[in-house]
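The values are calculated or read from the model by the stated rules, or taken from the named source; none is laboratory data. Predicted model only: the values in this text are computed from it and were never measured. Methodologically, a virtual Cβ is constructed for each residue, glycine included, from the backbone with ideal geometry; neighbour enumeration extends over all protein chains shown. Ligands, DNA and RNA are stripped out before the accessible areas are found, and what is left, the full protein with its side chains, is counted by its heavy atoms. Shrake-Rupley method; radii C 1.70, N 1.55, O 1.52, S 1.80 Å.
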Amino acid sequence: MKKSVKNTTTEIIFLIEEDPEGGYVARALGESIFTQANDLATLKEMVRDAVHCHFPEEASCPKVIRLHIVRDEVIAS
């Protein structure tokens, strides 16, 4: 008997980095989801939309989207 296995993911994590050409890029860890935007507010909307497109069924859609923002900063020594 074959059982139906549902995705029980409750959280998805995105790595957010500044794009060298301007704006920000977001990549999901463990999923093939990528998006970009000019500012963080728009990026949050784009990430949410991308997650809902990737998980069209509400039962399989993660309940929490965690954004891990990485920023390189260079200072003079």
From the phi angles alone, apply the Karplus equation (6.51, -1.76, 1.60; θ = phi - 60°) to the stretch 49-54 and give each ³J(HN,Hα) in whole Hz, x where the residue is Gly or Pro. 5, 5, 5, 5, 6, 6
Heavy-atom accessible area of the chain with neighbours in place, 1.4 angstrom probe: carbon+sulfur share in percent works out to 50 percent
Grab the Cα-Cα distance for L40 and T10, subtract it from 0.36 nm times how many residues apart they are, and report the gain in nm with one decimal. 8.5 nm
How much length is gained on full extension from E18 to R48, taking 0.36 nm per residue of separation minus their Cα-Cα distance? 9.0 nm
If each K or R counts +1 and each D or E counts -1, the residues other than V70 whose Cβ falls under 10 Å of its Cβ total -2
What is the sum of charges, Lys and Arg at +1 and Asp and Glu at -1, for the other residues whose Cβ falls under 15 Å from the Cβ of L29? -1
Residues meeting the amide H criterion for I13 (H placed from the backbone, H to H distance under 5 Å, 5 or more places apart or on another chain) are L29, R66
